[in-house]
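Below is one structure; the comments refer to it alone.
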Amino acid sequence: MSEQTPSKVMITGANGFIGNSLMRYYQQQGIEVVGVDLRGNGGAGDGGAGDEGTIVEGDIGNPESIAELLSQCDVIIHTAALVSNALSDADMWRVNVQATANLIAAAEKYNVRRFVQLSSIVAYGNSAAGELCEDHPVHADGGSYVLTKLASEHAVLAAHAKGNIEIVIIRPGDVYGPGSRPWLILPLEAILKGQFMLPEKGEGFFRPTYIDDLIRGIALAVAAPAANGEIFNLSCQGYMSSKDFFSHHYSWLNKKGPMLVSTRLAMIAAAVATKLADLTGGVNEATTATVAQLSTKSWFSIEKAQRILGWAPEVSFEEGMERSKQWATEQGLLKK
């Protein structure tokens, strides 16, 4: 079957790294797109209907507040989520799971054709090792973020089982590029403060996936009839060490590093930092769950995405890092 171009796409989490990149992509393709986020860009007054590039203020946990938009869209790409290892279990559950369940139920009600869920490779768990394909068992051994990503997948699959809506689940690799908070902004800030270290002595596996490649893969999953009901890894070919990935950040700052420590020492440091943050009212994202994630020894098969979607990464790592460096320079993130 040939591709099915969507008539109007709704993107949740449209102010985020992936969501905003998707907004730009569909605008460039000339496909009508509307974003939804907790903070709009001025289109909320008239509901934003028909305005290309509009981000409407809305709460996906209460999807009836955007009922008019739901009735107009044939595809939803759900990127909205709390991506954190530091927030409360209750908040993570409310946003990542309950809001997803509410949204896909509303999508069914308003006859949205296809619902694309952005999940994560963390669904496989931190203890999984080797090359993992999509039918590898999932494992919630990584804190609230991992657990809620698994539970949100379940909500989507349960809706699909009723037969009223098409679904696709995307598990991206370690997505980097201009605007990436976890793999660009936060590491650079931590390095400048002398607070960045790598567990597993830097030998944990990193799976760098450039943002433009991910967006192209999502668009293919939106349009391919054969993608209905499927889960796809969208990652790089193979892996590199976390030391090799983050050495670029140090080079950009003309600093020596990274600082390499044992996983045990990193776990102790993370626990202490989290305790201090709790006592002072701060937030520490370098938690023990983050340490475990950076210590993993797994990578991801992309054979299924190649076979069904015709997708493979196109941006070389060297080119992706050069674009990232240029953006970081423009944003003033490389000032010593």
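The values are calculated or read from the model by the stated rules, or taken from the named source; none is laboratory data. Only a predicted model underlies this, so the values are computations on that prediction, with no experimental measurement involved. Backbone-built Cβ (ideal geometry, glycine too); neighbour counts: all protein chains shown.
Hey, among 226, 221, which residue is farther than 20 Å from residue 18 by Cα and modelled with pLDDT of 95 or more? So that I can check it myself, show each step before the final result.
On the way: 221 fails: farther than 20 Å from residue 18 by Cα.
Being farther than 20 Å from residue 18 by Cα and modelled with pLDDT of 95 or more holds for just one of 226, 221, which is 226.
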Inset, instruction - Give the number of residues within the stretch 33-75 that are among the charged types (D, E, K, R) and either at pLDDT 85 or above or touching a Leu at 6+ places or on another chain (Cβ under 9 Å) (or both). - result: 6
Legend entry - Which numbered condition residue 236 fails, given (1) part of a loop (DSSP other than H, G, I, E, B); (2) in contact with a strand residue (DSSP E or B) (Cβ under 7 Å, 6 or more places away or on another chain); (3) without any contact (Cβ under 8 Å) to a residue 60 or more places away in the chain: (3)
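Yes/no per residue for (1) hydrophobic (A, V, I, L, M, F, W, C); (2) surrounded by fewer than 17 Cβ atoms within 10 Å (Cβ to Cβ); (3) within 18 Å of residue 189 (Cα to Cα):
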| site | (1), (2), (3) |
| --- | --- |
| 246 | yes, no, yes |
| 250 | no, no, yes |
| 256 | no, yes, yes |
| 265 | yes, yes, no |
| 298 | no, no, no |
| 309 | yes, no, no |
| 329 | no, yes, yes |
Inset, instruction - Read through the list (1) modelled with pLDDT of 85 or more; (2) in a helix (DSSP H, G or I); (3) over 16 Å from the mean Cα position of the chain (by Cα), then give the number of the only condition that residue 21 fails. - result: (3)
Inset, instruction - Among the residues of the stretch 311-327, count how many are surrounded by 14 or more Cβ atoms within 10 Å (Cβ to Cβ) and either in a helix (DSSP H, G or I) or among the β-branched types (Val, Ile, Thr) (or both). - result: 8
Inset, instruction - Could you list all residues from the stretch 283-300 that are of a type in the set (S, T, N, Q) and either at pLDDT 80 or above or farther than 16 Å from residue 121 by Cα (or both)? - result: 284, 287, 288, 295, 296, 298
Legend entry - Failed item in (1) over 19 Å from residue 9 (Cα atoms); (2) part of a helix (DSSP H, G or I); (3) acidic (Asp, Glu), with residue 108 passing the rest: (1)
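Where in the stretch 116-229 are the strands (runs of 3 or more DSSP E), entirely inside, with at least 2 residues that are small (Gly, Ala, Ser) and in contact (Cβ under 8 Å) with a residue 24 or more places away in the chain?
Details: elements: 129-132, 166-172, 174-176, 208-210.
Because the criterion is at least 2 residues that are small (Gly, Ala, Ser) and in contact (Cβ under 8 Å) with a residue 24 or more places away in the chain, the strands (runs of 3 or more DSSP E) in the stretch 116-229 that meet it are 129-132.
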Legend entry - First in the stretch 287-315 and basic (Lys, Arg), second anywhere and in a loop (DSSP other than H, G, I, E, B), Cβ under 6 Å, 6 or more apart: 304/134
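Residues are listed down the side, and each one gets a yes or a no for (1) of a type in the set (D, E, K, R); (2) within 15 Å of the chain's Cα centre (by Cα); (3) closer than 30 Å to residue 75 by Cβ:
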{"site": "192", "(1), (2), (3)": "no, no, no"}
{"site": "215", "(1), (2), (3)": "no, yes, yes"}
{"site": "222", "(1), (2), (3)": "no, no, yes"}
{"site": "252", "(1), (2), (3)": "no, no, no"}
{"site": "273", "(1), (2), (3)": "no, no, no"}
